[in-house]
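The block underneath contains the structure these notes are about, expressed in structure tokens.
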Amino acid sequence: IFHSASDGILIAHADGKHFFSANDKMCKMLGYTKEELLGMNVSDLHPKESIPYVHQQFARVATKEVPVVQDIPFLKKDQTVFFADISGSKMTFDKEDYLIGIFRDVTERKQAEEKLIKSEKKFSSIFHLNPNPLAITDVATGQFIDVNEAFVQWTGYSREESIGASSHDLHLWANSKDREKIIGTLKERGEANGIEIVMRLKNG
């Protein structure tokens, strides 16, 4: 079970400084042989700048403050970095105390998250710098989720006033039939383009 596990497993002596055993997956994740790993310590497996943080997170798992610590950076033998989520506990084997850690490689997840963050930042820039008034609205409630600066300048309502309010709350519709027309078209077609409407700005 130990050697066929799909996650890396590393067992350390109770002082947390030297390793007692490692499974095949852990060796493969790090690029070291088992013999090489057993001659190393925790600090050898992480980027130098991350070591204080790593020790802090390991202590949280060992004391059961948290069941899992996430996105811990590991330094492989070839000096590339991967990230892992770690769960751990204390164990006694042959009357000796040890710490056992289970490591799940989450590098792909982390890369996907970073890609999503970059995408969101790009979208945010396009949205907020667009010269046309733009608003993102919750379909179910009609409330504004976000508005850009052009929308603020055009309507006279600040971003703080707009977010969480609906166009109805802000009295933006000069003619209620226009609102019904837009909503009806959205429900029917899934989009509403090129429809002329009259809107009332904050200054009346």
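Applying a threshold of 6 Å to beta carbon distances and a minimum spacing of six or more residues, or different chains, the list of pairs starting in the range 67-80 at a residue that is among the acidic types (D, E) and ending at one that is assigned to a loop (DSSP other than H, G, I, E, B) reads D78/G31.
Checking each residue of the range 75-88 against the condition of being loosely packed, with under 14 Cβ neighbours inside 10 Å, of a type in the set (S, T, Y) and under 18 Å from E49 (Cβ atoms) gives at least one match.
Considering each of E113, E108, E120 in turn, give the residue that is more than 22 Å from A5 (Cα to Cα) and open to solvent by 100 Å² or more (accessible area, probe 1.4 Å).
E120
Scan the range 80-114 for residues that are of a type outside the set (D, E) and under 25 Å from the mean Cα position of the chain (by Cα) and the total you get is 18.
Limited to the range 138-156, what total is found for residues that are under 24 Å from N203 (Cβ atoms) and either exposed (fewer than 15 other Cβ atoms within 10 Å of the Cβ) or among the small types (G, A, S) (or both)? Walk me through it before giving the result.
Of the residues in the range 138-156, the ones under 24 Å from N203 (Cβ atoms) are 142-144, 146-156.
Retained after the next criterion (residues that are either exposed (fewer than 15 other Cβ atoms within 10 Å of the Cβ) or among the small types (G, A, S) (or both)): 142, 150, 153, 156.
Matching residues across the range 138-156 total 4.
Checking T63 against (1) in contact (Cβ under 8 Å) with a residue 40 or more places away in the chain; (2) out of contact with any Pro (no Cβ under 8 Å at 6 or more places or on another chain); (3) of a type in the set (V, I, T), which single condition isn't satisfied? The single condition T63 does not satisfy is (1). Looking only at the range 157-181, residues that are under 34 Å from the mean Cα position of the chain (by Cα), hydroxyl-bearing (S, T, Y) and surrounded by fewer than 17 Cβ atoms within 10 Å (Cβ to Cβ) come to 2 in all.
Restricting attention to the range 91-98, does a residue exist that is surrounded by 17 or more Cβ atoms within 10 Å (Cβ to Cβ) and more than 30 Å from I183 (Cα to Cα)? Full working, then the answer.
Step one: of the range 91-98, the residues surrounded by 17 or more Cβ atoms within 10 Å (Cβ to Cβ) are 98.
From the residues that got through so far, the ones that are more than 30 Å from I183 (Cα to Cα) too are 98.
Yes, the range 91-98 has at least one match.
In the range 1-11, which residues are in a loop (DSSP other than H, G, I, E, B) and in contact with a Phe, Trp or Tyr (Cβ under 9 Å, 6 or more places away or on another chain)? The one that is in a loop (DSSP other than H, G, I, E, B) and in contact with a Phe, Trp or Tyr (Cβ under 9 Å, 6 or more places away or on another chain): D7.
The values are calculated or read from the model by the stated rules, or taken from the named source; none is laboratory data. If you're wondering where the values come from, they're calculated on a predicted model, not measured in any experiment. Cβ coordinates were reconstructed from backbone atoms using ideal geometry, including for glycine residues, and neighbour counts include every protein chain displayed. Heavy atoms of the whole protein, side chains included, go into the accessibility calculation; ligands, DNA and RNA do not. Shrake-Rupley method; radii C 1.70, N 1.55, O 1.52, S 1.80 Å.
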